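Chemist: One structure follows; several queries about it will come next.
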Amino acid sequence: MSDLEARIQRLEDVQAIQDLKMAYAKLCDEGYDADGIVALFAAAEDVEWVSDVFGTHEGRDGIHKWFDDVDEEIRWALHFMINPVIEVGDDGRTATGRFYLLELATMSAPDGGDPDPVIMTGKYADDFVKEDGQWRFKRIEINFEQVSNLDQGWVKQQFRGRA
């Protein structure tokens, strides 16, 4: 492969990874379609979805279960994936991606009352693998800066429902 071909391939890979992340966000925003989300992950069973707030979910079955049930807690969401930094490995088959998250959501109240409007921010650190010419998630990791009721904000309530 010539230098120009390699550079074009890298640009195409970066765009494909950004498209994969946007497909993930869209599936989350349209009701957390567990089948659709799991289809974005690599076929290997060592895939993971990891969060400092929402726990670790391992394997395709564990990830599916999490997303199949998450709409009981997160009733509506709008994910903004911003500031992507994607690095494709020299092998052209692995990559890492970092994204900031700004998310507006409606969440079940911790006390069982009316749902709360919530704002979340966090940082994704994802691993990707190319399978049969398609980029897939190997690992999604999200560490939250805050998950706050909108009327409280992150200054008064960095993490809702925590003492």
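Bear in mind that the values in this text are calculations on the coordinates, not laboratory data. What you are looking at is a predicted structure, and each value in this text was computed from that prediction instead of being measured. Cβ placement follows ideal geometry from the backbone for every residue including glycine, while neighbour counts extend to all protein chains displayed.
Chemist: Scan segment 119-127 and tell me whether some residue there is touching a strand residue (DSSP E or B) at 6+ places or on another chain (Cβ under 7 Å), farther than 15 Å from Arg75 by Cα, without any contact (Cβ under 8 Å) to a residue 40 or more places away in the chain and β-branched (Val, Ile, Thr).
Modeler: The answer is yes, given that some residue of segment 119-127 is touching a strand residue (DSSP E or B) at 6+ places or on another chain (Cβ under 7 Å), farther than 15 Å from Arg75 by Cα, without any contact (Cβ under 8 Å) to a residue 40 or more places away in the chain and β-branched (Val, Ile, Thr).
Chemist: Mind counting the residues in segment 105-125 that are surrounded by 15 or more Cβ atoms within 10 Å (Cβ to Cβ) and touching a Leu at 6+ places or on another chain (Cβ under 9 Å)?
Modeler: Of the residues in segment 105-125, 8 are surrounded by 15 or more Cβ atoms within 10 Å (Cβ to Cβ) and touching a Leu at 6+ places or on another chain (Cβ under 9 Å).
Chemist: Consider Thr56 carefully, then state whether it is farther than 30 Å from Met1 by Cα and in contact with a Phe, Trp or Tyr (Cβ under 6 Å, 6 or more places away or on another chain).
Modeler: no
Chemist: Please find, within segment 3-30, the residue that is surrounded by the fewest Cβ atoms within 10 Å (Cβ to Cβ) out of those that are more than 14 Å from the chain's Cα centre (by Cα) and in contact (Cβ under 8 Å) with a residue 60 or more places away in the chain.
Modeler: Looking at the filtered set, the residue picked out is Gln9.
Yes or no, residue by residue, for (1) part of a helix (DSSP H, G or I); (2) within 22 Å of Met120 (Cα to Cα); (3) free of Cβ contacts under 8 Å to residues at least 24 places away in the same chain; (4) touching a Pro at 6+ places or on another chain (Cβ under 7 Å):
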position	(1), (2), (3), (4)
Tyr32	no, yes, no, no
Asp35	yes, no, no, no
Glu45	no, no, yes, no
Thr56	no, yes, yes, no
Ile63	yes, yes, no, no
Asp69	yes, yes, yes, no
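Chemist: With the requirement that a residue be surrounded by 14 or more Cβ atoms within 10 Å (Cβ to Cβ) and in contact with a strand residue (DSSP E or B) (Cβ under 6 Å, 6 or more places away or on another chain), what does segment 61-79 give you?
Modeler: Listed by number, the residues that qualify are Ile63, Trp66, Ile74, Arg75, Trp76, Ala77, His79.
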